Amino acid sequence: PHHLRCRRAGTSPPTRAELESDTRAQKAGAVISTHQSSEDTSPHSTTRVRGRKQHFLDAKTRLRTRFQRDYVRNHGSSRGGKCCVVAAVTPPPDDCGRVAFVISRRYCTKAVTRNRARRLLRETYRQLRPLLEPAWLVLIPRYRMQTAGLADVTKDVVAGCRALGLLAADTHVEIDRA
């Protein structure tokens, strides 16, 4: 029992309210334990939530509602490249950098192709996120992305972000192929 361990350790047992709040947090899916090695200092460290990894694009870093995406369309600026369109609002209304990937059936009717485009855009954003200024960002693929590789997509997004002022002109971006 928990109270015996506390008594042996020389601390007082938890109150009933503390035990109930812990139980509620576990039922709600709260973070149970954090697994991070001392040599892993990347901004993309993962936490374990009930036995599975939490993705770097959680709800707080995505544009989730139609209102947010419309806000970027109406109040932001955009730059189109060969592979994708980058639209952004800077500074963001909530002072938090967020991103959305808009990939409709109009891009391609095959789900496999849309998922590949989504994976390429996510990986590009994951690599660029530490270098970008806070902004609400929307990434939209173009037809040419169907045959493009990660290097092409990254180059295109970097050019769009530089044109929008989200990335310093002298910042060198290396493509992580791992």
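Data for the structure
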read-out: In order through the stretch 153-158: 3J(HN,Hα) via Karplus (6.51 cos²θ - 1.76 cosθ + 1.60), integer Hz, x for Gly, Pro; value: 5, 4, 4, 5, 5, 4
read-out: Per residue value of the accessible surface for the stretch 122-178 (all protein chains in place, 1.4 Å probe), Å²; value: 54
read-out: Integer Hz, Karplus 6.51/-1.76/1.60 couplings in order for the stretch 160-169, x for Gly and Pro; value: x, 5, 5, 5, 8, x, 8, 9, 4, 5
read-out: Residues with amide H under 5 Å from that of Trp136, placed H, sequence gap 5 or more; value: Val89, Arg98
read-out: Highest to lowest packing among 82-90, 60-68, scored as the average C-beta count within 10 Å; value: 82-90, 60-68
read-out: Under Karplus coefficients 6.51, -1.76 and 1.60, residue-wise ³J(HN,Hα) of the stretch 82-96 in Hz, glycine/proline x; value: 6, 9, 7, 10, 10, 10, 8, 10, 9, x, x, x, 9, 6, 9
read-out: Protein accessible area in the stretch 104-178, 1.4 Å probe - carbon and sulfur %; value: 49
read-out: Under-5 Å amide H pairs with Val85, H placed in peptide plane, nonlocal only; value: Ile140, Arg142
read-out: Anisotropy class of the stretch 129-178 from Cα gyration tensor, a/c 1.5 cut; value: oblate
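The values are calculated or read from the model by the stated rules, or taken from the named source; none is laboratory data. Every value quoted in this text rests on a predicted model; they were computed, and no experiment measured them. Cβ: placed from backbone, ideal geometry, glycine included. Neighbour counts: every protein chain shown. Protein only, heavy atoms only, side chains kept; ligands, DNA and RNA dropped before computing areas. Shrake-Rupley method; radii C 1.70, N 1.55, O 1.52, S 1.80 Å.
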